[in-house]
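Q: Okay, handing you the structure first.
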């Protein structure tokens, strides 16, 4: 069963990367995004044998308002990590740091719609399908590490870089697998996307204020601390929730 699982994950990732690679050779922004969406949908349906009823089984989801506090901490940590780790690499390699393409005012609604759709699709594919499949067969640790590796490889054509995506995969995977709530991970992913979208240009505009190896390194250490804090708090909160459920039975 394990060999078949890994083979299916590998083939699904190949489908995804083939679509992304094909799209990367195109010029039109929206054509690229449409092909990327089709690729991730096809890769996801492949894993469930094109039958929505074969989605991996999961336990009942949990949600508490207090989950939002560590998640906000984690989003800040993720944003700092995915911005400053590539910046550090660019500085070490002496490459020029440039901001991402910014939409015009008329294009902004379409960009925001795209960010929302993309957060939804990635969480369904990487967390609800891949992470859940791995969790059901391999347990929490392997599910997080393997799904994060796949998430990272899938971002080979992304501006965030492989390592930033790997860290993001760990955080999002942990949120989903501990709370069993896919909507919580979707909202976290969307909040991160929106934070990056709106805050990154402001940081780039004022880059001279903290563009030194010492400051960048300290910010990266801080980002890891924030992500770890999020994980520890969610672990405690979900463990307490499970203990309460056992006591009430």
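Q: Quick check, is residue 229 surrounded by fewer than 17 Cβ atoms within 10 Å (Cβ to Cβ), over 27 Å from residue 91 (Cα atoms), in contact with a helix residue (DSSP H, G or I) (Cβ under 9 Å, 6 or more places away or on another chain) and assigned by TED's automatic domain parsing to the domain that holds residue 69?
A: Spelling it out, residue 229 is indeed surrounded by fewer than 17 Cβ atoms within 10 Å (Cβ to Cβ), over 27 Å from residue 91 (Cα atoms), in contact with a helix residue (DSSP H, G or I) (Cβ under 9 Å, 6 or more places away or on another chain) and assigned by TED's automatic domain parsing to the domain that holds residue 69.
Q: Right, another one. With respect to the numbered conditions (1) at pLDDT below 90; (2) under 30 Å from residue 240 (Cα atoms), which one is the sole condition not fulfilled by residue 25?
A: It fails just one condition, (2).
Q: Just wondering, is there one or more residues in the range 203-214 that are crowded, with 22+ Cβ neighbours inside 10 Å and part of a helix (DSSP H, G or I)?
A: Scanning the range 203-214, I find no residue that is crowded, with 22+ Cβ neighbours inside 10 Å and part of a helix (DSSP H, G or I), so the answer is no.
Q: Based on what the data block shows, is residue 186 in a helix (DSSP H, G or I), surrounded by 15 or more Cβ atoms within 10 Å (Cβ to Cβ), modelled with pLDDT of 95 or more and not assigned by TED's automatic domain parsing to the domain that holds residue 9? Spell out the reasoning first.
A: Values: in a helix (DSSP H, G or I): yes; surrounded by 15 or more Cβ atoms within 10 Å (Cβ to Cβ): yes; modelled with pLDDT of 95 or more: yes; not assigned by TED's automatic domain parsing to the domain that holds residue 9: yes.
Yes: the conditions hold for residue 186.
Q: Test of understanding: among 44, 19, which residue is in contact with a helix residue (DSSP H, G or I) (Cβ under 9 Å, 6 or more places away or on another chain), crowded, with 17+ Cβ neighbours inside 10 Å and either in the same structural domain as residue 150 (by TED's automatic domain parsing) or closer than 26 Å to residue 174 by Cβ (or both)?
A: The conditions single out 44.
Q: Name, by its number, the condition in (1) more than 19 Å from the chain's Cα centre (by Cα); (2) surrounded by 12 or more Cβ atoms within 10 Å (Cβ to Cβ) that does not hold for residue 37.
A: (1)
Q: Let me spell it out: the conditions are (1) within 19 Å of residue 64 (Cβ to Cβ); (2) at pLDDT below 95; (3) surrounded by fewer than 17 Cβ atoms within 10 Å (Cβ to Cβ); (4) touching a helix residue (DSSP H, G or I) at 6+ places or on another chain (Cβ under 7 Å), and residue 237 meets all of them except one. Which number is the exception?
A: (3)
Q: Let me ask something additional. Only one of these conditions is not met by residue 140: (1) touching a residue at least 60 places away in the same chain (Cβ under 8 Å); (2) more than 15 Å from residue 55 (Cα to Cα). Which number is it?
A: Status for residue 140: all satisfied but (1).
The values are calculated or read from the model by the stated rules, or taken from the named source; none is laboratory data. For clarity, every value in this text was computed on a predicted model and none was experimentally measured. Every residue, glycine as well, gets a Cβ built from its backbone with ideal geometry; the counts of neighbours run over all protein chains shown.
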